[in-house]
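Chemist: One structure coming up, written as structure tokens, with questions to follow.
All of the numbers you see were taken from the coordinates with simple rules; none came from a lab. Given the structure is predicted, the values throughout are model-derived calculations rather than measurements. Reconstructed Cβ throughout: ideal geometry from the backbone, glycine too, with neighbour counts over all protein chains shown.
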Amino acid sequence: MKIFVYIDHFKGEVQPASWEALGLAKTFGTVTAIVLGSDANDVAKAAFEFGADEVLHADDSALLDYRAETYASTLSALASSHNPNLILFPTTARTRELAAMSAVDLNTGVLTDVTGLEANGDSFIATRPIYEGKLLEKTVCSGKPVMVTIRGRAFPKPNRDASKSGSVTKAAAKTDALSEVKGYSASESAVNLGDAGIIVSGGRGVSNNPSLTPPAGMDEKQAEIWRAQQGFALVTDLAKTLGGAVGASRAAVDGGYISYSHQVGQTGKVVSPDLYIACGVSGAIQHLVGMRNSKVIVAINKDADAPIFKVARYGVVGDLFQIVPALTEAMKKKLGK
Ligand SMILES: Cc1cc2nc3c(=O)[nH]c(=O)nc-3n(C[C@H](O)[C@H](O)[C@H](O)COP(=O)(O)OP(=O)(O)OC[C@H]3O[C@@H](n4cnc5c(N)ncnc54)[C@H](O)[C@@H]3O)c2cc1C
């Protein structure tokens, strides 16, 4: 069976789930990594190190910036000439668009955000969460190629082996496009929750420390935000100690405590880290859908009946303003920091 894996990267920085897709592809057959862009020689080399049997690299200045028209038509042309059974992508904002546009060119369908995939003769059975993760849907897809975007961290990442190499095959780029990228500006608060192995999240509870006296002259809302910032400083300290990222509930975001890029849940990010520590988060269903696939969940909440405890493997009932700093200190000692 012949599998294409699209290696999604921005200026040579690879979206890690691309390698997870490559590892999954290896379980089905011969893997061709598809690398697009004129700044991606290292990406092409890394694809061999992660186990690709072949690397097709469309190295053209027209592909320096991701544009749906050039990328989709280049990928579709490669798929038409090589005829793979399956094309795997990591699920990202870019690949949702790219996979959909290529699928139209190739007259096939796309299964997005897949968390399980099995071969079944010439077809594939994909598992993906639906109804906000309450049900897992199994879908058989028999088009050719089957196109699948996989959820980040749902499949194991293969080990990188620097001794593996190969010669990269140059591929032709399709360069017609109506759009042109004029530039990029970095978002100040960009956070990569999707790839984080550890997330420490804060909810509305981080603002609830009446013993903290805000600076004079603040109105009630300003005092609430100031208190919440003290709470989030503790959450951030724990996250940094553990080498993790900071998440938040929507109540914390709506309250103005922290920016939206940290929000986990139905209208935020869906995450599945190895460890998720929820501090002062009640566990509303809209939050749970974003984090309940985490491997280990720890909840710190002063209400023993909070729904977050139903999904937590470890629960601490108490005041986060006492527990979080104590936990950070203990972890610093344990990790020698
Ligand atoms: C359409 C829709 C989409 C939504 N999308 C999202 C989403 O993407 N993400 C999301 O999170 N929510 C989302 N929500 C909102 C969701 O319903 C909840 O309102 C929200 O998750 C509550 O956030 P919270 O747990 O921080 O706050 P609360 O529910 O107010 O809980 C605060 C918790 O902190 C605890 N606490 C208070 N003080 C302390 C303390 N000192 N120490 C320890 N614990 C303390 C309390 O016991 C309580 O359990 C959505 C809602 C709707 C209707």
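Chemist: Given contacts defined as C-alpha pairs under 8 Å and at least six residues apart, what's the relative contact order of the chain, whole-number percent? Before the final figure, lay out the partial values.
Modeler: Working: 726 pairs, mean separation 47.4, N = 337.
Taking the mean separation of contacting Cα pairs over the length of the chain, I get 14 percent.
Chemist: So how tilted is helix 320-335 from the main axis of the chain? Cα-based, degrees 0 to 90, rounded to 10.
Modeler: Between the helix axis and the principal axis of the chain, the angle is about 60 degrees.
Chemist: From the Cα gyration tensor of segment 40-135, with a ≥ b ≥ c the square roots of its eigenvalues, which class applies: rounded if a/c is under 1.5, or else prolate if a/b is larger than b/c, or else oblate?
Modeler: Details: a/c = 1.63, a/b = 1.48, b/c = 1.10.
Prolate.
Chemist: If packing is taken as the mean number of other Cβ atoms within 10 Å per residue, what is the order of 134-140, 12-18, 119-125, highest first? All intermediate terms of the calculation are to be shown ahead of the outcome.
Modeler: On the way: 134-140: 11.3, 12-18: 19.1, 119-125: 13.4.
The packing order, highest mean first, is 12-18, 119-125, 134-140.
Chemist: Setting aside same-chain residues fewer than 8 positions from Lys45, which lysines have a Cα under 18 Å from its Cα?
Modeler: Lys11, Lys26, Lys157, Lys164, Lys170
Chemist: Using the alpha-carbon atoms, what tilt in degrees (0 to 90, nearest 10) does helix 17-26 show relative to the longest principal axis of the chain?
Modeler: 50 degrees
Chemist: Sticking with this structure for a sec: Considering the chain as a Gaussian network with a 10 Å cut-off on Cα pairs, which listed residue, Val35, Val264, Val317, attains the greatest mean-square fluctuation?
Modeler: Result: Val317 has the largest fluctuation of those listed.
Chemist: Between Asp274, Asp113, Asp176, where does the largest GNM mean-square fluctuation fall for the chain, given springs only between Cα atoms within less than 10 Å?
Modeler: Judging by the Gaussian network model, the answer is Asp176.
Chemist: Continuing with the same structure: For the chain, evaluate the Debye formula with one uniform point scatterer on each Cα (no solvent term) and list log10 I(q)/I(0) at q = 0.12, 0.15 Å⁻¹, rounded to two decimals.
Modeler: Taking Cα atoms of the chain as identical point scatterers yields -0.89, -1.17.
Chemist: Fewest to most neighbouring Cβ within 10 Å: what's the order for Glu97, Glu220?
Modeler: On the way: Glu97 14, Glu220 8.
By the 10 Å Cβ count, ascending, the order reads Glu220, Glu97.
Chemist: List the residues, sorted by chain then number, that are 5 or more residues from Gly202 or on another chain and whose placed amide H is less than 5 Å from its amide H.
Modeler: Gly247, Ala248, Ser249, Cys279
Chemist: What is the fewest-to-most order of Val281, Val191 by other Cβ atoms lying within 10 Å of their Cβ? Walk me through the numbers on the way to the answer.
Modeler: Working: Val281 31, Val191 19.
Taking fewest neighbouring Cβ atoms as first place, the list is Val191, Val281.
Chemist: Rounded if a/c is under 1.5, else prolate if a/b beats b/c, else oblate: with a ≥ b ≥ c from the C-alpha gyration tensor eigenvalues square-rooted, which is segment 95-205?
Modeler: On the way: a/c = 1.38, a/b = 1.08, b/c = 1.28.
Since a/c stays below 1.5, the shape of segment 95-205 is classed as rounded.
Chemist: Between Tyr131 and Asp254, what is the label-point separation in nm under the 7 Å Cα-to-beta-carbon projection?
Modeler: 2.5 nm
Chemist: Quick check: from the Cα gyration tensor, does segment 45-88 come out rounded (a/c under 1.5), prolate or oblate?
Modeler: Values: a/c = 2.23, a/b = 1.22, b/c = 1.83.
Oblate, since a/c reaches 1.5 and b/c is not below a/b.
Chemist: Using only Cα atoms and rounding to the nearest 10 degrees, what angle (0 to 90) does helix 220-242 make with the longest principal axis of the chain?
Modeler: Approximately 60 degrees, to the nearest ten.
Chemist: Let me ask another. Cα extents of segment 2-170 along the three principal axes, largest first, in whole Å?
Modeler: 42, 34, 29
Chemist: Over the chain, with a Gaussian network built from C-alpha contacts below 10 Å, which listed residue (Thr213, Thr236, Thr95) shows the highest mean-square fluctuation?
Modeler: Of Thr213, Thr236, Thr95, the most mobile in the Gaussian network model is Thr213.
Chemist: Under 18 Å between C-alpha atoms is the cut-off here; go through segment 198-335 and count lysine pairs that meet it, provided they're at least eight residues apart or on different chains.
Modeler: Details: Lys240/Lys332; Lys240/Lys333; Lys240/Lys334; Lys269/Lys295; Lys295/Lys310; Lys302/Lys310.
Summing the qualifying lysine pairs gives 6.
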